[in-house]
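The values are calculated or read from the model by the stated rules, or taken from the named source; none is laboratory data. Every value quoted in this text rests on a predicted model; they were computed, and no experiment measured them. Methodologically, a virtual Cβ is constructed for each residue, glycine included, from the backbone with ideal geometry; neighbour enumeration extends over all protein chains shown.
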Amino acid sequence: MIDEEPRKRSTGHELGCDLSSISSDELRHRIALLEAEIVRIKAEIERKDAGRKAADSLFGPKV
């Protein structure tokens with residue numbers, strides 16, 4: 001007899017994947033993960049934009 005291991009909760013989300021077999025609790029969990037990732041990405045964009053503006057002010061054309 002083979003013991004089946006309990007199903008592990010997915011820690012990620014694949015864009016376009018079939019959602020029909022995923023519980024509503026798991027879908028809420030995925031939404032929370034994706035929202036946190038959006039916040040993280042937006043913060044990185046802001047950090048990069050600030051670095052670009054600083055570089056432009058130092059090395060950009062003086063008008």
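In the set Lys53, Lys42, which member is under 19 Å from the mean Cα position of the chain (by Cα), surrounded by 10 or more Cβ atoms within 10 Å (Cβ to Cβ) and among the basic types (Lys, Arg)? Give the steps one after another, and end with the answer.
On the way: Lys53 fails: under 19 Å from the mean Cα position of the chain (by Cα).
From the options Lys53, Lys42, the qualifying one is Lys42.
If a residue has to be surrounded by 10 or more Cβ atoms within 10 Å (Cβ to Cβ) and modelled with pLDDT of 70 or more to count, how many in region 4-18 make the cut?
Number satisfying all stated conditions: 2.
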